[in-house]
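The values are calculated or read from the model by the stated rules, or taken from the named source; none is laboratory data. Predicted model only: the values in this text are computed from it and were never measured. With ideal geometry, Cβ positions are generated from the backbone for all residues, glycine too; neighbour counts draw on all protein chains shown. Accessible surface areas use protein heavy atoms only, side chains included; no ligands, DNA or RNA. Shrake-Rupley method; radii C 1.70, N 1.55, O 1.52, S 1.80 Å.
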Amino acid sequence: MSSTTEQEPEHGDVLVAQVEEQLRAPAWTRLLTGSSTFIGLILVGLIVVFSILSYTNFVSASNARNVATDAAVLLVVAVGMTFVIVTAGIDLSVGSVLVFAGVVAARAMHAVGGNSWGTIIVGLLVALGCGLGWGVINGFLISKAKVPALIVTLGTFGMALGFALLITGGVDERSVPFKLVDTIGTGRVGNQVPYLVIIAFAVAAVFAVLLHATRFGRYTFAIGSNEEAARRAGIRVDRHLIKVYALMGMLSGLAGFLSLARFSTTTIGGHSTDNLQAIAAVVIGGTSLFGGVGTLLGTIFGVFIPAVLQNGFVIVGVQPFWQQVAVGAVLILAVYLDQLRRRSEYQR
Amino acid sequence: MNDSPILELRGVSKAFGAVQALYEVDFHVAAGEVMALVGDNGAGKSTLIKCIAGIYSSDSGEILYNGEPVSIHGPKDAAKLGIEVVYQDLALADNLDVVQNMFLGREETTSLRRLDEVDMERRAKETLQTLSVTTIRSVRQTVAGLSGGQRQSVAVAKAVMWNSKVVILDEPTAALGVAQTRQVLDLVRRLGEQGLAVVLVSHNLHDVFEVSDSVTVLRLGQNVAEFKTKETNQTEVVEAITAGKLSKIPGQPAAEVVV
């Protein structure tokens, strides 16, 4: 107790200086403090190690492009998952919602026909709408019906995939407009940076501002930290949770659309572990499963660590199966660090 | 101290089914006055403050604010009048820092709907300074890292920063050690000195005698006594808490029954 009440004047001055430092760039300090810095260093370390082991193959524009393109769709999902986990929730349905949105969007574009931007925009809106719908269902059941998020989203995980299979009869939909594949799917800006990567990072940037610099983001943290306190502060907790899950659903829908553009098919069977990959990325990025703590920058690092590992192992000739082992270990390490942080905070 | 009450309750009753939690309670507090509300467990202290805070609505009786009858149907109504409650379990979000907690639900934004962190931080510091809360080293540290007394200070600062006129503190020292209790009692006294009406709900008569100007005693849902702290002693108050005469006659001022 006495150590917290007494403070030397010199010490106080240093703290004042620190606070003033924060005043100058509060948003940046909040982005850069916490565990995301540490996890960023791990990512940099991995890149350095692979660069040393195989400089010519690993350090090239085309390889960077590969890694980033592989990570782009997952990044969009992980951005939404960051919001969900910051509220101390979870969403297992993302992969199925992604597939469902992709299937319905493909059908819609097929029905409209043609190869114009109009068709593509219809597809995009349909994908976003499908995702939004599932998200609202999730959010409503979680906040109003008080069914645990794990159960609700496990249920919709099965339902969304089931409906996707019912719609297609289990056969992948391949009628995707060429224009979509040629531009968003495989096109590059200035022949260098893939559209997919630009879209994913733009989404991450917009949602980073939403999470860290708006009331919406602040309420997301508050609910994850202490739901009752949030309620007493006049925050409409139920409504906010529905919005968060709706956002998650919409981003899953967007990811479904991007996946459709990239592979020019619906890849129905290819997303059964998207949920776990997204959760792992978010948690590796320093977001606490207990809620109330997390950064979007950390999530970006968390998405790229598995992607870089996968790519690096292939390049240096290690069996790529080691990637799963390594990602598992990093995941456990990340949660352990979160536990350590919590323990040290509550000791006082 | 201004003697005309800023907040006054007249004949407030509240029943939960067959249980008469409050019966014809009169209560008042003036600006600059620290009014202690004491009573045994189940005497109706919590029910009374929840009626004032708008969490419960009373069955009968009236609430006057600045002499005008008002109806309080929810926490927002109370807040609009300038009545703030600091609950025993504080209701702070542990993972948020001091500034974020003080502004929770009432954040300031810039023209682009971005949070105005710089201004919020400045105002939080100013409020803590006017309350002479000096023990919090950085307003950007999370609340989880604060001591019990510091957390209580943040909760009080959060309550008074909205131009509030009446602050209700529910057992503010219940879970605190000696030094922290001292911090909080000093803070309570400063609130009164700054012209706020303070309602201090407490079990601890030592605390009550240290900071309050007046004491209202509740027993079994009725107010059985009211004292000026200077003109009474602990024995008299304990007597009222445990054996104060219950008046079942509506409208009769309780103070006259005892004194």
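Condition check ((1) of a type in the set (S, T, N, Q); (2) open to solvent by 50 Å² or more (accessible area, probe 1.4 Å); (3) within 20 Å of A:PHE100 (Cβ to Cβ)) across all residues:
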position	(1), (2), (3)
A:VAL171	no, yes, yes
A:ARG174	no, yes, yes
A:THR183	yes, no, no
A:GLY190	no, yes, no
A:VAL197	no, no, no
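Quick one: which of A:PHE58, A:PHE83 is touching a residue at least 24 places away in the same chain (Cβ under 8 Å), open to solvent by less than 30 Å² (accessible area, probe 1.4 Å), farther than 22 Å from A:SER252 by Cβ and of a type outside the set (Lys, Arg)?
One residue alone meets the criteria, A:PHE58.
What tally of residues in segment A:114-158 results from selecting those that are under 21 Å from A:ARG236 (Cβ atoms), open to solvent by 60 Å² or more (accessible area, probe 1.4 Å) and assigned to a helix (DSSP H, G or I)?
So the count comes out to 5.
Looking for something part of a helix (DSSP H, G or I), buried (at least 23 other Cβ atoms within 10 Å of the Cβ) and within 11 Å of chain A (Cβ to nearest Cβ) - is there at least one such residue anywhere in segment B:131-144?
Within segment B:131-144, one or more residues are part of a helix (DSSP H, G or I), buried (at least 23 other Cβ atoms within 10 Å of the Cβ) and within 11 Å of chain A (Cβ to nearest Cβ).
Here is a list: B:VAL85, B:VAL143, B:VAL156, B:VAL139. Which entry is hydrophobic (A, V, I, L, M, F, W, C) and farther than 19 Å from B:GLN183 by Cβ?
Step by step, each of B:VAL85, B:VAL143, B:VAL156, B:VAL139 is checked, and only B:VAL85 is hydrophobic (A, V, I, L, M, F, W, C) and farther than 19 Å from B:GLN183 by Cβ.
Give A:VAL104, A:VAL84, A:VAL112, A:VAL136 a once-over and let me know the one that is over 21 Å from the mean Cα position of the chain (by Cα), more than 23 Å from A:VAL197 (Cβ to Cβ) and modelled with pLDDT of 95 or more.
Result: A:VAL104 is the single residue among A:VAL104, A:VAL84, A:VAL112, A:VAL136 that is over 21 Å from the mean Cα position of the chain (by Cα), more than 23 Å from A:VAL197 (Cβ to Cβ) and modelled with pLDDT of 95 or more.
Name the pairs whose Cβ atoms lie under 6 Å apart, with the first residue in segment A:157-175 and of a type outside the set (Phe, Trp, Tyr), the second open to solvent by 60 Å² or more (accessible area, probe 1.4 Å), and 6 or more positions between them or separate chains?
Cβ pairs passing all conditions: A:SER175/A:HIS110.
Among (1) within 14 Å of another protein chain (Cβ to nearest Cβ); (2) modelled with pLDDT of 95 or more; (3) closer than 23 Å to A:ALA72 by Cα, which single condition is A:TYR245 missing?
It fails just one condition, (1).
Go over the candidates B:ALA91, B:ALA124 one by one and state the one that is more than 9 Å from chain A (Cβ to nearest Cβ) and crowded, with 19+ Cβ neighbours inside 10 Å.
That would be B:ALA124, the only listed residue that is more than 9 Å from chain A (Cβ to nearest Cβ) and crowded, with 19+ Cβ neighbours inside 10 Å.
I'm trying to understand the selection: among the residues of segment B:47-62, which are among the small types (Gly, Ala, Ser) and open to solvent by 60 Å² or more (accessible area, probe 1.4 Å)?
B:SER57
In segment A:287-303, what residues are of a type in the set (Val, Ile, Thr), open to solvent by less than 20 Å² (accessible area, probe 1.4 Å) and under 23 Å from A:ARG343 (Cα atoms)?
Selection gives A:THR287, A:THR295, A:THR299.
In segment B:8-44, how many are surrounded by fewer than 16 Cβ atoms within 10 Å (Cβ to Cβ) and of a type in the set (A, V, I, L, M)?
Selection size over segment B:8-44: 3.
Hey, does segment B:101-116 have a residue that's basic (Lys, Arg), within 8 Å of another protein chain (Cβ to nearest Cβ), without any contact (Cβ under 8 Å) to a residue 40 or more places away in the chain and under 26 Å from B:ARG189 (Cα atoms)?
The answer is no, given that none of the residues of segment B:101-116 is basic (Lys, Arg), within 8 Å of another protein chain (Cβ to nearest Cβ), without any contact (Cβ under 8 Å) to a residue 40 or more places away in the chain and under 26 Å from B:ARG189 (Cα atoms).
Could you tell me whether segment A:328-337 includes any residue that is more than 14 Å from chain B (Cβ to nearest Cβ), open to solvent by 10 Å² or more (accessible area, probe 1.4 Å), under 22 Å from A:ALA78 (Cα atoms) and of a type in the set (Ser, Thr, Tyr)?
Yes, the conditions are met somewhere in segment A:328-337.
I'd like to verify a number: residues in segment A:90-113 that are open to solvent by less than 10 Å² (accessible area, probe 1.4 Å) and more than 20 Å from A:GLY162 (Cβ to Cβ), how many?
Adding up the residues that qualify gives 1.
Just to be sure before I move on: is B:SER147 within 9 Å of another protein chain (Cβ to nearest Cβ), surrounded by 16 or more Cβ atoms within 10 Å (Cβ to Cβ) and touching a helix residue (DSSP H, G or I) at 6+ places or on another chain (Cβ under 6 Å) in the structure I sent?
Criteria met by B:SER147.
Does B:TYR65 satisfy the criteria of being open to solvent by less than 50 Å² (accessible area, probe 1.4 Å) and aromatic (Phe, Trp, Tyr)?
Considered against the rule, which asks whether it is open to solvent by less than 50 Å² (accessible area, probe 1.4 Å) and aromatic (Phe, Trp, Tyr), B:TYR65 comes out as yes.
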